[in-house]
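Trainee: Below is a structure I'd like to ask you about.
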Number of protein chains: 2
Amino acid sequence: MKMITNMERLKNTLTTNGLKPTYQRLKILEYLETHVDAHPTVEAIYEALVKKIPTMSMTTVYNTLNTFIAKNLASAVTITGTELRYDCVTTPHHHFLCQRCNKIYDVEIKCPIIDRNYVDGHQIDEIHGYLKGICKQCLAKERAKK
Amino acid sequence: MKMITNMERLKNTLTTNGLKPTYQRLKILEYLETHVDAHPTVEAIYEALVKKIPTMSMTTVYNTLNTFIAKNLASAVTITGTELRYDCVTTPHHHFLCQRCNKIYDVEIKCPIIDRNYVDGHQIDEIHGYLKGICKQCLAKERAKK
DNA sequence: ATGACTGCAAAATATTTGCATATTC
DNA sequence: GAATATGCAAATATTTTGCAGTCAT
């Protein structure tokens, strides 16, 4: 078995999707993969990467994420309504937004329409399940206070 | 049976929820009720109402909608990610966004977690199901072209 | 008169666009 | 070298905030 570095693997991911493996794209993809749990905002991705790549711009982050979405390498999480958060596509899952701490958690839920192609005659391309409430951690903190 | 006008009914809805039945609130609530299917943006509500109430402001629309949400008279639909759309609360249902025409449709789906209070230890306060794809109407138009 | 509500103006936040420069194959 | 990608600056879009004036009891 031939060993490849992580960067080579990411490069392959981009090229096999017809995308030029630019340094910016590689870094953004790497960031998404290593921060799946955080469901980062564009801001967060930009802030993290501009430290290493001083010329990085918000525009590039937006461009790249939109390109990734078009190629199905990432998906937008629209749960908060006023900002977009991002996720690199792995397995289908739903999201839980904590309304106290604003964290987004992945949750596995057996969805009854996951394998339907149509609902009411509309063609389904994406399914998003969003739960909102108070997360485990915040509930614990609250209990501790009392 | 005593007959009441629609405006009296809306007024009752507001007062029984502890809200002063101001003209603006009545009109916004009426608009929401008569345009449930449209899932209007703040902009749309404002534009429609400012014709009748020239002093109406965006701020008031935002204030009012947030008040309604707090009282559970309306809910925010966060499906597009960059703008909020509104819905007046009736029965629980999911939403379908057409990515061609940008319309939002209500869809009835049997949700397996609708009566669960916790998932992975997180307390669930709201459940939102968002489907995206191409709506019936747009599919028909597309077929017609070929 | 008091407390709540409205609405203007400005600020804050988030995203998109035009275009000149740079990079990749 | 042609096509594509980057990134600055400016424009656009969306939501929030401060505050002064207004309205209903």
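Trainee: When you scan the range B:104-111, do you find a residue that is surrounded by 18 or more Cβ atoms within 10 Å (Cβ to Cβ), at the interface with chain A (Cβ under 9 Å from one of its Cβ atoms) and in a loop (DSSP other than H, G, I, E, B), even just one?
Mentor: Checked against the condition, which is being surrounded by 18 or more Cβ atoms within 10 Å (Cβ to Cβ), at the interface with chain A (Cβ under 9 Å from one of its Cβ atoms) and in a loop (DSSP other than H, G, I, E, B), the range B:104-111 yields at least one hit.
Trainee: Let me ask something else about it. Hey, which of the helices (runs of 4 or more DSSP H) in the range A:1-66, taking only ones fully inside, have at least 3 residues that are in contact (Cβ under 8 Å) with a residue 40 or more places away in the chain, within 13 Å of DNA strand D (Cβ to nearest atom) and more than 14 Å from every other protein chain (Cβ to nearest Cβ)?
Mentor: Ranges flagged: A:23-34.
Trainee: Taking A:LEU131 as meeting all but one of (1) within 8 Å of chain B (Cβ to nearest Cβ); (2) under 25 Å from B:CYS101 (Cβ atoms), write down the number of the exception.
Mentor: (2)
Trainee: Look at A:TYR31 and say whether it is out of contact with any Phe, Trp or Tyr (no Cβ under 9 Å at 6 or more places or on another chain), closer than 29 Å to A:GLU83 by Cβ, outside the structural domain of A:ASP106 (by TED's automatic domain parsing) and more than 14 Å from DNA strand C (Cβ to nearest atom).
Mentor: Values: out of contact with any Phe, Trp or Tyr (no Cβ under 9 Å at 6 or more places or on another chain): yes; closer than 29 Å to A:GLU83 by Cβ: yes; outside the structural domain of A:ASP106 (by TED's automatic domain parsing): yes; more than 14 Å from DNA strand C (Cβ to nearest atom): yes.
When the stated conditions are applied, A:TYR31 passes them.
Trainee: Here is a follow-up. Every residue in the range A:112-121 that is at the interface with another protein chain (Cβ under 9 Å from one of its Cβ atoms) and of a type in the set (D, E, K, R), please.
Mentor: Result: A:ASP120, single match.
Trainee: Under 8 Å by Cβ, and 6 or more places apart or on different chains, what pairs join a residue from the range B:72-100 that is within 9 Å of another protein chain (Cβ to nearest Cβ) with one that is surrounded by 21 or more Cβ atoms within 10 Å (Cβ to Cβ) and among the small types (Gly, Ala, Ser)?
Mentor: From the range B:72-100, the pairs are B:HIS94/B:GLY129.
The values are calculated or read from the model by the stated rules, or taken from the named source; none is laboratory data. Please read these numbers as outputs of a predicted model, since none were measured by experiment. Note that each Cβ is placed from the backbone with ideal geometry, even for glycine, and that neighbours are counted across all protein chains shown.
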